[in-house]
Structure formats: structure tokens, C-alpha cells
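K.L.:
Below: one structure in C-alpha cells.
The values are calculated or read from the model by the stated rules, or taken from the named source; none is laboratory data. For clarity, every value in this text was computed on a predicted model and none was experimentally measured. Glycine gets a Cβ as well: all are built from the backbone with ideal geometry, and neighbour counts include every protein chain shown. Surface accessibility is based on the protein's heavy atoms, side chains included, excluding ligands, DNA and RNA. Shrake-Rupley method; radii C 1.70, N 1.55, O 1.52, S 1.80 Å.
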Amino acid sequence: MKHFIFTVFTLFALILACTEPDKRVLPILGERDLADGDTVYRSVPEFSFVDQDSQIVTNATFKGKIYVVDFFFIHCPTICPKVKANGLRIYQKYKDDPRLALLSHSIDVKNDTVAALKQHALKLGVDKPGWYLVTGDHDAIYGIADDYFSVAVVNPDAPGGFDHSGRLILVDKNRHVRSFCDGTDAADVDRFMKDIDILLEEQFATR
Amino acid sequence: MNNFKTSFLLTLAAFLCLYFGGSCEKNTFQEGERLYKVHCANCHMDDGIGLSALIPPLAGSDYLNKHREQLPCILRYGLSDTIFVNGKMYAEKMPGVSTLSEIHIANLLNFINNSWGNRNGVYRLEEVRAALEKCK
């Protein structure tokens, strides 16, 4: 009997060991143009914002990294805390991994000053670089939201508006949007975190 | 004969309690749970753990017991004081829900005070009503 159990256990271990890891390739999302017969994917345009440490944050900040984007405001009584709680899970998992960063845009430029963002970040538990909470020009923030969300939202005129969608968006090294999830839904965020690992594997493979 | 009848009914009642006890326990705070999901869970989270140093926990919170009389007012009118929960300071504003009726508040408080390991007893409607009188 003992032998039998041992054999079954070994077989199971073998099957587990031989199961292929997740080999999905994340698609490039968003609109595409045709240029000289080639497909050209739209990418995240140039931006410049200010983070909780008064540092300028631009595309160059994320050069050679993949990053996760969201939109929020500090005194948000609705879904923001849940999105932040899930963002915190991602931050805590990858905070020692320089290949991934998080970028949260405040959509309340009047109240969410640099000082307020700093307080918020500290209270949230963001004690290392790698999670940028930014503010900036109102139109620039709403404009870039359009650029990120045009791929994630079928109908931007939907009630509630994209800025309250609570979505988390994954951008690759080439400024292409590769995945997104509902930041209020822990299970969807689990799936999204698997996508992050797939993208890390793809973009930082040591082959 | 009367004695026999009484003891028979008592035994029957005891069996019914045992039989339905489990399911009753689960459904006691259903209305409170529904209200919690609508009004509270976005910030205090589904499992009552709050968020870092921003939003205090409700699960295992010493504040619930220490400020029992103030809780009805806090639910209806919000809170802007700096408070201490389990020794930690919290200074964010909590919005109140002015549309909550006395019964809503009692149901909500009973759910919060008896979920996630909390065992803080129940609020009767009179207690909620008396507490609300003080914060008008």
C-alpha cells in the first residue's frame, strides 16, 4: 500500500513538473494604422507630470521598464480604495524588481497637491521608489487617460466615465498597452498579475 | 398531563433550534451585510481590514467597543476627527450616509459588530434612536 501511494505521488509530481508554463503571448491592444503596407500600433504619447517627491516623471522614467497605470483621486469615496488595495498587492510583489513600476495619475489636480500625494503615498505604505503618484496639467492628465483607455474602454461615453472605471493598465517597454483589468475585482487582478509575469518573461528574456 | 405537554413542547423547540440554528446564524445580519456592501465595503473592504494607514480596520477594531454610543452618529454624519484604532492613528475624513434610517443603522452596526471575528453584541433599535438624539 505504501508503495502504491508513493508511486501515485511520484506520477503526480512528474505530471506537474512536465506541465508547460503559461506560454501565452499578450496581444498589442489598441488602434493600429497602416503605413506603407505595414501595421503600425499606436503607442502612449509623450507626457510630463510631477510625482509625490516633486520629481518630473516622463516617458524616460519608464525607459526599459514595463509599468502599470491607473487614475484616482485622494478623496474618492467610491471605488478608489479598492483599486488602491489591489495596486498595493502589485506594488508589494514587485517593489524590489526594477523592471516594473506603477504610475497613478490623480484626476483631482486642485486638491491633490504634491504634498497631499506624498502624505497619501506614505500612509498607503509606499516607502520605496517604483510607485509614482503624479499630478499635472488637468488637460494633459485627461488627455493621456484617453490615450490609455481608448484601448480598454469600448464606449468612453459610458455612464460613470473612464476616469472612474478603476482599471489597471499594463504598458510594455515599447509604450504599447498589453493588458488591463478591473482594479476593483481581486480575481481579475490575479489574472492581470499573471499577465505581468508573462510580459516580464517576454521583454526581459535572457536569450 | 400539562407537565408532559410542556416538556414535550420544550424538547421539540430545542430540536428545532438545533436543526435551524446553523442557518439562522448565517442569515441574522443579511440586511446589514447588504448595506455594508453598498455603503462601506469600498473603503473598509469586504473583509473589514481597511487600507494601510488610510482607512482603519473594522475587523478586530477596539474602536467599536470603546465608542459604541457614537457609532450610530458616525454612520449617519461621518467623522472628521483624528482617531486611534488598535493604537494606530487615522486622520482621513469619513463621509456619512445621511439617508440611513434608524433600522438601517441598527442592521449595519449589528453586521459589523458580529462579523470577521467581532463579537460585540447587538444594538437594539431604542439604543440607536437614543444615540442619534445626541448628535442632531
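K.L.:
Could you list which residues have their amide H under 5 Å from that of A:PHE73, counting only those 5 or more apart in sequence or on another chain, with H placed in the peptide plane?
P.N.:
Under 5 Å from the amide H of A:PHE73 lie the amide H atoms of A:ILE107, each far enough along the sequence or on another chain.
K.L.:
Go through region A:89-105 residue by residue and turn each phi into a ³J(HN,Hα) via Karplus (6.51, -1.76, 1.60, θ = phi - 60°); whole Hz please, and just put x for glycine and proline.
P.N.:
Running phi through 6.51 cos²θ - 1.76 cosθ + 1.60 with θ = phi - 60° gives 4, 5, 4, 5, 6, 10, 5, 9, 10, x, 7, 10, 10, 10, 10, 10, 9 Hz.
K.L.:
Could you give me the ³J(HN,Hα) list for region B:109-124, computed from phi with Karplus coefficients 6.51, -1.76, 1.60 and θ = phi - 60°, whole Hz, x at Gly and Pro?
P.N.:
5, 5, 5, 4, 6, 9, 10, 6, x, 5, 9, 10, x, 10, 9, 8
K.L.:
Now for a separate question. Structure shown: which of B:LYS37/B:LYS136; B:LYS37/B:LYS134; A:LYS82/B:LYS136; B:LYS66/B:LYS136 lie over 29 Å apart, alpha-carbon to alpha-carbon?
P.N.:
On the way: B:LYS37/B:LYS136 26 Å; B:LYS37/B:LYS134 27 Å; A:LYS82/B:LYS136 32 Å; B:LYS66/B:LYS136 21 Å.
Violating the 29 Å limit, Cα to Cα: A:LYS82/B:LYS136.
K.L.:
Under the Karplus relation 6.51 cos²θ - 1.76 cosθ + 1.60, θ = phi - 60°, what is the ordered set of whole-Hz ³J(HN,Hα) values for region A:181-195, x standing for Gly and Pro?
P.N.:
After applying 6.51 cos²θ - 1.76 cosθ + 1.60, I find 8, 7, x, 8, 10, 4, 5, 5, 5, 4, 4, 4, 5, 5, 4 Hz.
K.L.:
Can you tell me the equivalent ellipsoid semi-axes for region B:29-133? Use √(5λ) from the Cα gyration tensor, largest first, whole Å.
P.N.:
19, 15, 14
K.L.:
What does the average come to when, for each residue of peptide B:42-55, you count the partner chain Cβ atoms lying within 10 Å of its Cβ?
P.N.:
Counting Cβ atoms of other protein chains within 10 Å of each residue's Cβ and averaging gives 5.
K.L.:
Under a 1.4 angstrom probe, counting protein chains only, how are A:THR135, B:THR99 ranked by accessible area, largest first?
P.N.:
Of A:THR135, B:THR99, the descending order of accessible area is B:THR99, A:THR135.
K.L.:
Do you know the relative contact order of region A:35-159, to the nearest whole percent, from alpha carbon pairs under 8 angstrom that are 6+ apart?
P.N.:
In percent, rounded to a whole number, it is 32.
K.L.:
Could I ask something else about it? Rounded, prolate or oblate: which fits region A:26-204, taking a ≥ b ≥ c as square roots of the Cα gyration tensor eigenvalues, rounded meaning a/c under 1.5, else prolate when a/b beats b/c?
P.N.:
Details: a/c = 1.40, a/b = 1.28, b/c = 1.10.
Rounded, since a/c falls under 1.5.
K.L.:
When we measure straight from the Cα of A:LYS23, which lysines land under 17 angstrom away, once same-chain ones fewer than 8 places off are left out?
P.N.:
The reachable lysines, counting only those whose Cα sits under 17 Å from A:LYS23, are A:LYS194.
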